[in-house]
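Before any comments, here is the structure.
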Amino acid sequence: MSNGQLAESLFALAESHPAGELRLSLLRAAYAVFDAPRELATTRRLPDTVPLDTLPTVEMLRSAASEDALQALVQRLRGPYPPGGAATRTGFLTAAQVAQFSASAHPLDPRHLRGACHFHTQASDGVATLEAMARGCVRRGASWAVVTDHTRGLACVNGLDAEGVALQRRAIAAWNRRRGDDLWLVQGLEAEILADGTLDVPRRARDGVLVVAAVHTGLAERRDYTARLLRALEEPGVWALAHPQGRLFGRRAGIRANWEVVFRAAAARGVLLEINGFPRRQDLAPPLLSLAAASGCRFLLASDAHHPRHLAFDTTAVALAAAAGIGEAAIVNFSPLEKALADRLVG
Ligand SMILES: [Zn+2]
Ligand SMILES: [Zn+2]
């Protein structure tokens, strides 16, 4: 029984109960299993993060001898509401699968990563200082890093305004003077792709900055976003399209678009496609990554870290890339800085 199967059973059970304590406990148990770094079938103890009141249930499911037996148990324990959210949980790697990937030999080796890209600091919605994040990148063996705090146009977070961008630029220059040999920091921004496809960052503010552009609004709508994304790809200064699908584990399946058209345009414009390794995002999903690779796209691996600990999530991005058969040559994070940014102006 894999953690993925066990977690899915718990999600289905949770959904079959009305909102309340039991449903919440089952959901927490499902996430605890999904995030467990080892396959529970091979471990003696369940993770401490499994809520106490669900321990007997989780143990019972875990001891099912086969997938059929597991399904039968889920049927027996179910409440009267039909589960419906499974579509938002397919195509995600569990933490145990990522750990297993890292432990086995593979043509894509996380230890070869040189660049750490797309992470946040206290300047927007991260919890750590620029220094702390940079030190985290050094610890992970990176030789260059692109910090990408949110911009002010995104109303839901405390984004950078022009003054904040200038302040951060000075802090980055100071770090590079002192520790540039350990890690060269580059300023980026995570800009919002507005409803009309333009960005929330004025053009003059994009000079010397690597812009990763993303949709954060209207993600639950079922409209087609092809035009919005194509317009964004035309915007000057866009380095990468960040978490292109906008999917969120257990919550949202992501936006709709004619991905083949979007990918061809990105390849033609030289805009990178992000592989976001934040465990709840895992965006793009492997089937779309394969399509993007076949369309001639190149890729950027992102941890989307909001805490130094999260910087390790680029390993999840590596595992997704490997699942899609993408090689190191197509991923900028495996290149030295000069090569990764060969076609970009870096201030
Ligand atoms: Zn984002
Ligand atoms: Zn982000």
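Taken together, the values in this text are just the output of simple stated rules run on the coordinates, not laboratory data. Note that the structure is a prediction, hence the values are computed from the model and not measured. Positions of Cβ are generated from backbone atoms using ideal geometry, with glycine treated the same way; all protein chains shown enter the neighbour counts.
Values computed for the structure shown
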quantity: Mean Cβ neighbour count within 10 Å, used as a protection proxy, ranking 127-139, 41-53 highest first; calculated: 127-139, 41-53
quantity: Relative contact order %, the stretch 106-340, counting alpha carbon pairs below 8 Å whose residues are six or more apart; calculated: 22
quantity: Among LEU24, THR94, LEU301 the positive-end extreme of the charge dipole of the chain (Cβ point charges); calculated: LEU301
quantity: Taking the stretch 3-84 and dividing mean pair separation by its residue count, relative contact order in percent (alpha carbons under 8 Å, at least six apart); calculated: 42
quantity: Three-way shape label, the stretch 297-346, alpha-carbon gyration tensor, a/c 1.5; calculated: oblate
quantity: Stretchable slack from ARG139 to GLU234, in nm (0.36 nm times residue separation minus alpha-carbon distance); calculated: 30.6 nm
quantity: ALA227-ASN158 pseudo-label distance in nm [points 7 Å out on the Cα-to-Cβ vector]; calculated: 3.8
quantity: Gain in span if fully extended, ARG264 to ARG178, counting 0.36 nm per residue against the direct Cα distance; calculated: 26.8 nm
quantity: Relative contact order, percent, the stretch 172-243 [alpha-carbon distance under 8 Å, six or more residues apart]; calculated: 32
quantity: Separation in nanometres of the label points that stand 7 Å from Cα toward Cβ, at ARG344 and ALA220; calculated: 3.3
quantity: Stretch gain in nm, segment GLN100-SER63, where the contour uses 0.36 nm per residue and the Cα spacing is subtracted; calculated: 11.2 nm
quantity: GLU328-HIS307 FRET efficiency (beta carbon distance; Förster radius 22 Å; 0.05 resolution); calculated: 0.25
quantity: DSSP-defined beta bridges in the chain - what % are antiparallel, rounded to 5; calculated: 10
quantity: Backbone N within the stretch 44-74 under 12 Å of label point (7 Å from LEU24 Cα along the Cβ vector); calculated: none
quantity: At 0.890 mPa s and 25 °C, Stokes diffusion of the chain via Kirkwood alpha-carbon radius, µm² per second; calculated: 116
